[in-house]
Amino acid sequence: MFERASIIVSTYNRPDALRRVVLELDRQSDRGFDVVVADDGSTEETRRTIDEVRRQVGYPLEHAWQEDRGFRAARARNLAVASSEGDYLIFLDGDCVPLHDFVAAHRWLAERGWWVRGNRVYLGERFTARVLEDDIDLAEWPLWRWWLAWVRRGAARATPFLRLRTELFRKRQPRRWQGGKTCNLGVWRDDFFRVDGLDESFVGWGREDSDLVARLINAGVYRKEGRYTSPVVHLWHPHAELSGYSANDARLQQVIEEGIVRPRIGISCHFDGTEETASAG
């Protein structure tokens, strides 16, 4: 069990969704955490939003920002981790709304030698607009309302909101990297640093989080399934620009085939003087 978690919330020019996420984090049943927003070059509106909500929440909230030079989510997350202090890291996207037991569920799942793959439920475009405009409190919804949203095609699924506090199926695929994404992922801080964090040579959308979990597996840190304990609600957004995906996927396959553990450009570069550190506030 970890002493304190640092939640790394990734964002890029989506202040309405980010506001919802950080305010929901203030309603967690488990208060043993701080939050660092990993900002991949958002405009001043996002900074103003963070400054505003910082005055409303009861947990430490920091903002790690980097200049907008295209999709560089791996570097943004490394910068945020470098600004964090928790012994356990929980990665969350800034458009993925956590339920009230999100941190408590990750605390229950955390185990030495394992990283945790959480899951998410996608919302449709119209339903997402309603949630944000009408301030619908999804975190309070009972299971029957999620079933109804699924029937009405507002939510992609409802079964993830079931709660199963059992270890029976959680380690069945310890070497499976597929589906491990930083929209909802838990890892011990020392394991993250053991593989030197995310690989900042991954630029353009895709595969930087798959690369991280593949290298964790190569280092002997295995997958633990977080289904039916810690789902998040993924607000709709347009599809990402896929420039760079092919090169990133080829790099990922090399990591898997060759058992690579260390990245080309890792988080250590922000501590050894070869890179500038985060702009945090």
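Brief remarks on what is shown
- Of the GluC sites (Glu not before Pro) found in region 84-152, no site is in coil according to DSSP while having at most 10 other Cβ atoms within 10 Å of its Cβ.
- Annotation: average projected area of region 136-257 is 9.5 square nanometres, based on the convex hull of Cα atoms across all directions.
- Scaled radius of gyration (Cα, divided by 2.2 N^0.38 Å) that the chain gives: 0.95
- Normalising the average separation of contacting C-alpha pairs (under 8 angstrom, six or more residues apart) by the number of residues puts the relative contact order of the chain at 25 percent.
- Gaussian network model of the chain, springs between alpha carbon atoms under 10 Å - residue of Lys224, Lys171, Lys181 with greatest fluctuation: Lys171
- Along the chain, longest interval not containing exposed chymotrypsin sites (Phe, Trp or Tyr not before Pro), exposed being DSSP loop plus at most 14 other Cβ atoms within 10 Å: 1-168
- Relative intensity of region 1-111 on a log10 scale, I(q)/I(0) at q = 0.13, 0.17, 0.24 Å⁻¹, equals -0.42, -0.73, -1.41, per a Debye sum over C-alpha point scatterers of equal strength in the absence of solvent.
- Across region 113-196, the relative contact order, built from alpha-carbon pairs under 8 Å that are at least six residues apart, equals 46 percent.
- Qualifying GluC sites (Glu not before Pro) in region 148-244, DSSP loop, other Cβ atoms within 10 Å at most 16: Glu167, Glu241
- Dipole magnitude for region 124-193: computed about the Cα centre from +1 point charges on Lys and Arg Cβ and -1 point charges on Asp and Glu Cβ, it is near 600 debye.
- The charge dipole of region 5-280, taken about its Cα centre with unit charges on the Cβ atoms of Lys, Arg (+1), Asp and Glu (-1) only, comes to about 1400 debye.
- Taking the DSSP bridge list for region 5-280 and keeping only pairs wholly inside it, about 35 percent are antiparallel.
- Helical runs assigned H by DSSP (4 residues or longer) give the chain a calculated mean residue ellipticity at 222 nm of -9500 deg cm²/dmol, each run adding -39500 (n - 2.57) before division by the residue total.
Where a number appears in this text, it was derived from the coordinates with a stated rule and is not lab data. Please read these numbers as outputs of a predicted model, since none were measured by experiment. Heads up, the Cβs are rebuilt from the backbone with ideal geometry, glycines too, and the neighbour counts pull from every protein chain shown.
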